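All remarks here apply to the structure that follows.
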Amino acid sequence: MKKCILFLFVATLLFSCSKPKTPLKTGEIEKQSYIFSIKGTDTLRLDKYDIPSQRVDKPCVLFVFGGGFVGGSRTYEANVDYFEKLAERGYVAIGIDYRLGLKDVKNKDISGPDEITGLLIHAIHIAVEDLFDATNFVYNHAAEWGIDKNKIIANGSSAGAVTVLQGEYMISHKAELTKRLPEGFRYGGIIAFAGAIASENGDLTWPVKPTPIQLFHGDADKNVPFDKAVYGNAGLYGSKYIAKQLDEMQAPYFFFEVENVAHEMAESPMKNNLDEITTFIEKYVVKQKQFIINTKEEMIGSPELKKDFDFMDYIQTNYQ
């Protein structure tokens, strides 16, 4: 019978990286917690899940939780179960905090779509900033933790998927925020569970090809656009739209599309698609194969769901 010893380690110094004396273990999996940044009243932590071994070149999956930039937690039960499964498969899994830019949005008197759009863009940007700071922290301790610096994969669910895709988009554009990353850094891959990229300037453009991207999305998602949702020059561009652009660029990607499924794809891949995730990591990141895989899944007999949503439908679903 597996024994679970729960231990909460609270670091007292910013960027402290000393190992806890009594790490939490589940079977052979070791969990260690660190503070990677303090911003105002927000102390941002990350949890590292790993099975210590002689291997020193492990891929690392850096995970950003979902919650609409309103709530969520790196320690949510489904996330932790996913981290442990990744560790069992030989990877280092890391769940991170980030600032929730819309946590008070339902208490605000929003004047209209322009204001909520601006608030959403701001929330995405500060989440990306925190992702980059966590990435920098992991990069600086990669040798100590047995991580290959070239195999750090950014993975996210829902708002977290938006964050990791937005981060890659910013890297492609050499945006100001990318100065927070090590010079010349590129993620080994991006894995997005029901994500999108936000643009304030019309259609998405890619000055350089992105790193390999794996996309999971249901085509009836009313929380995050499956295709795109545009309001003026602002837009959210989802997995279908991103995959089309990657296809045109002949950039490597793996798109797992599910018909008549809504926002469940923000979480279900962590339980149901570990083999596809592992395939992506091993083929695209470790072996650096240049594949395009587009898979469509449909459950026979599933009811037809509404799929025609506009920009404000997504805003109302998430924030009203």
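When only residues in the stretch 56-90 that are aromatic (Phe, Trp, Tyr) and closer than 30 Å to Asp313 by Cβ count, which is most open to solvent (accessible area, probe 1.4 Å)? Step through it out loud before you land on a result.
So in the stretch 56-90, the residues aromatic (Phe, Trp, Tyr) come out as 63, 65, 69, 76, 82-83.
With closer than 30 Å to Asp313 by Cβ added as a condition, the list becomes 63, 65, 69, 76, 82.
On the way: Phe63: 3, Phe65: 9, Phe69: 8, Tyr76: 113, Tyr82: 1 Å².
Filtering first and then ranking leaves Tyr76.
Quick one: would you say Met249 is under 30 Å from Asn150 (Cα atoms), modelled with pLDDT of 95 or more and out of contact with any His (no Cβ under 8 Å at 6 or more places or on another chain)? Explain how you work it out, then say what you get.
On the way: under 30 Å from Asn150 (Cα atoms): yes; modelled with pLDDT of 95 or more: yes; out of contact with any His (no Cβ under 8 Å at 6 or more places or on another chain): yes.
The answer is yes for Met249.
Select from the stretch 91-109 the residues that are open to solvent by less than 20 Å² (accessible area, probe 1.4 Å) and either in contact with a Ser or Thr (Cβ under 7 Å, 6 or more places away or on another chain) or closer than 30 Å to Trp145 by Cα (or both) and list them in ascending order. Working first, answer last.
Kept after step one, since they are open to solvent by less than 20 Å² (accessible area, probe 1.4 Å), are these residues of the stretch 91-109: 91-96, 98, 102, 105.
Passing the criteria: Tyr91, Val92, Ala93, Ile94, Gly95, Ile96, Tyr98.
Return the residue satisfying two criteria in turn: it lies in the stretch 110-131 and is within 16 Å of Gln316 (Cβ to Cβ) and not small (Gly, Ala, Ser), and of such residues it is surrounded by the most Cβ atoms within 10 Å (Cβ to Cβ). Walk me through how you get there before you give the answer.
To start, the set of residues in the stretch 110-131 that are within 16 Å of Gln316 (Cβ to Cβ) comprises 110-117, 119-120.
From what is left, the residues that are not small (Gly, Ala, Ser) are 110, 113-117, 119-120.
On the way: Ile110: 14, Pro113: 14, Asp114: 12, Glu115: 12, Ile116: 21, Thr117: 21, Leu119: 18, Leu120: 24.
Residue satisfying both the conditions and the ranking: Leu120.
In the set Ile197, Ile191, which member is open to solvent by less than 10 Å² (accessible area, probe 1.4 Å) and either farther than 20 Å from Met312 by Cα or modelled with pLDDT under 95 (or both)?
Details: Ile197 fails: either farther than 20 Å from Met312 by Cα or modelled with pLDDT under 95 (or both).
Among Ile197, Ile191, only Ile191 is open to solvent by less than 10 Å² (accessible area, probe 1.4 Å) and either farther than 20 Å from Met312 by Cα or modelled with pLDDT under 95 (or both).
Residues that are of a type outside the set (Lys, Arg) and under 19 Å from Pro113 (Cα atoms), at least 3 per element: which strands (runs of 3 or more DSSP E) completely within the stretch 192-271 meet that?
Values: elements: 196-199, 213-218, 228-231, 234-238, 253-258.
The qualifying strands (runs of 3 or more DSSP E) are 196-199, 228-231, 234-238.
Is one or more of the residues making up the stretch 300-309 of a type in the set (Ser, Thr, Tyr) and either out of contact with any strand residue (DSSP E or B) (no Cβ under 6 Å at 6 or more places or on another chain) or not in a helix (DSSP H, G or I) (or both)? Even if it seems obvious, please write down each step before you answer.
Here is the first cut: in the stretch 300-309, the ones of a type in the set (Ser, Thr, Tyr) are 302.
Restricting the remaining residues to those that are either out of contact with any strand residue (DSSP E or B) (no Cβ under 6 Å at 6 or more places or on another chain) or not in a helix (DSSP H, G or I) (or both) gives 302.
Checking the stretch 300-309: at least one residue is of a type in the set (Ser, Thr, Tyr) and either out of contact with any strand residue (DSSP E or B) (no Cβ under 6 Å at 6 or more places or on another chain) or not in a helix (DSSP H, G or I) (or both).
The values are calculated or read from the model by the stated rules, or taken from the named source; none is laboratory data. If you're wondering where the values come from, they're calculated on a predicted model, not measured in any experiment. As a convention, Cβ positions derive from the backbone with ideal geometry for all residues, glycine included, and neighbour counts pool all protein chains shown. With ligands, DNA and RNA removed, areas are computed over all heavy atoms of the protein, side chains included. Shrake-Rupley method; radii C 1.70, N 1.55, O 1.52, S 1.80 Å.
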